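The values are calculated or read from the model by the stated rules, or taken from the named source; none is laboratory data. Model, not experiment: these values are computed from the prediction. A quick note on method: Cβ atoms are made from the backbone with ideal geometry, for glycine too, and the neighbour counts reach across all protein chains shown. Each accessible area value is taken on the protein alone, full model and side chains, heavy atoms only, with ligands, DNA and RNA left out. Shrake-Rupley method; radii C 1.70, N 1.55, O 1.52, S 1.80 Å.
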Amino acid sequence: MADLPFVPLPEAFLTAPIAHRALHDLGAGRPENSRAAMQAAVEAGYGIEIDVQLSSDGVAMIFHDYDLGRLTAERGAVAQRSTAELSAIPLKGGSEGIPTLAEGFALVAGRVPLLIEIKDQSGALAAGPDALERAVAQALVGYAGPVAVMSFNPHAVAAFGALRPDLPRGLTTEEFTAEDWGLVPAATRERLSTIPDYAATGASFLSHGVRDLAMPRVVELKAEGARILCWTVRSAAQEAQARQVAENITFEGYTPAP
């Protein structure tokens, strides 16, 4: 992994809290990562965090899971469906299909910061084809709003950085426990828990798990100039504790001050 140029995270990502998977609320008809949830976040003045997976025809889709089952009435891998098929599948709790990343850009239109998490496509947080990174880079052509890209997989961050070295990128990090990452080899989990790839990927920020924000490596990187975000804050009390280390939060399930 060759060292990539450092691009600072824009200050816009450090002001208003960032809505996790957009401002979703099933009771209000706004599923996670939906157009309705993105529109609600824009109207409330929050930043937006979204996830992307790849369609079978190479388009970045705004969707968190590998499989359709939790969030739609369909089953099977997202990667086995075309863009047209995915766009026609309604999200549970709403009336919309799965949006493309390009549709998300058109909706947000630069009005609030947009934080894009590239979901691991290797299954083991390993190096692999860069098809999703290329799809994200393609969707970004012509987009002028504040945007940053991150991933749990440092290889994905490096691959995206090679395609768009001008854009800020970061690492999504946590403890990488066997309970949460059972498909990832133990040696990989142990290595990633020490956040060894920050410099090599050209990262300028971390988005670290809120339960482990005080770990020495996070504190060390912050002292060296890394901007620290965190995920996922679910109460005002948790927010107050998180902000002792983190400069901004990714939140869901409550309404922080914008």
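Specify which of the listed residues (Ala226, Ala242) is closer than 29 Å to Gln138 by Cβ and surrounded by 15 or more Cβ atoms within 10 Å (Cβ to Cβ).
Details: Ala242 fails: closer than 29 Å to Gln138 by Cβ.
Of the residues listed, the single one that is closer than 29 Å to Gln138 by Cβ and surrounded by 15 or more Cβ atoms within 10 Å (Cβ to Cβ) is Ala226.
Just one of the listed residues (Leu101, Leu107, Leu91, Leu68) is within 25 Å of Ala158 (Cα to Cα), surrounded by 14 or more Cβ atoms within 10 Å (Cβ to Cβ) and modelled with pLDDT of 95 or more, namely Leu101. Contact map, segment 166-193: first residue charged (D, E, K, R) and modelled with pLDDT of 95 or more, second residue part of a helix (DSSP H, G or I) and open to solvent by 30 Å² or more (accessible area, probe 1.4 Å), Cβ cut-off under 7 Å, separation 6 or more or different chains; pairs are Glu174/Asp212; Glu175/Asp212. Which is assigned to a loop (DSSP other than H, G, I, E, B) and closer than 21 Å to Asp51 by Cβ, of Gln138, Gln121? Selected residue: Gln121, the only one of Gln138, Gln121 that is assigned to a loop (DSSP other than H, G, I, E, B) and closer than 21 Å to Asp51 by Cβ. Take the conditions (1) under 27 Å from Val141 (Cβ atoms); (2) free of Cβ contacts under 8 Å to residues at least 24 places away in the same chain; Tyr254 misses just one of them, which is (1). Looking at segment 163-204, which of its residues are assigned to a loop (DSSP other than H, G, I, E, B), more than 17 Å from the chain's Cα centre (by Cα) and hydroxyl-bearing (Ser, Thr, Tyr)? Residues satisfying the conditions are Thr177, Ser193, Thr194.
Pull up segment 148-190, narrow it to residues that are open to solvent by 10 Å² or more (accessible area, probe 1.4 Å) and basic (Lys, Arg), then point me to the one that is farthest from His64 (Cα to Cα). Residue satisfying both the conditions and the ranking: Arg164.
Of the residues Glu224, Glu247, Glu220, Glu239, the single one that is acidic (Asp, Glu), under 18 Å from the mean Cα position of the chain (by Cα) and at pLDDT 95 or above is Glu247. Residues that are in contact (Cβ under 8 Å) with a residue 40 or more places away in the chain, closer than 22 Å to Pro31 by Cα and among the hydrophobic types (A, V, I, L, M, F, W, C) within segment 103-135 comprise Phe105, Leu107, Val108, Val112, Leu114, Leu115, Ile116, Ile118, listed in sequence order. Mind listing whichever residues of segment 6-38 are open to solvent by 30 Å² or more (accessible area, probe 1.4 Å), within 18 Å of the chain's Cα centre (by Cα), more than 17 Å from Pro256 (Cα to Cα) and not basic (Lys, Arg)? If the condition is that a residue be open to solvent by 30 Å² or more (accessible area, probe 1.4 Å), within 18 Å of the chain's Cα centre (by Cα), more than 17 Å from Pro256 (Cα to Cα) and not basic (Lys, Arg), then Pro8, Pro10, Glu11 are the ones that fit.
Got a sec? Which of Ala148, Ala126, Ala159, Ala144 is in a helix (DSSP H, G or I) and under 24 Å from Leu229 (Cα atoms)? Step through it out loud before you land on a result.
Working: Ala148 fails: in a helix (DSSP H, G or I); Ala126 fails: in a helix (DSSP H, G or I); Ala144 fails: in a helix (DSSP H, G or I).
From the options Ala148, Ala126, Ala159, Ala144, the qualifying one is Ala159.
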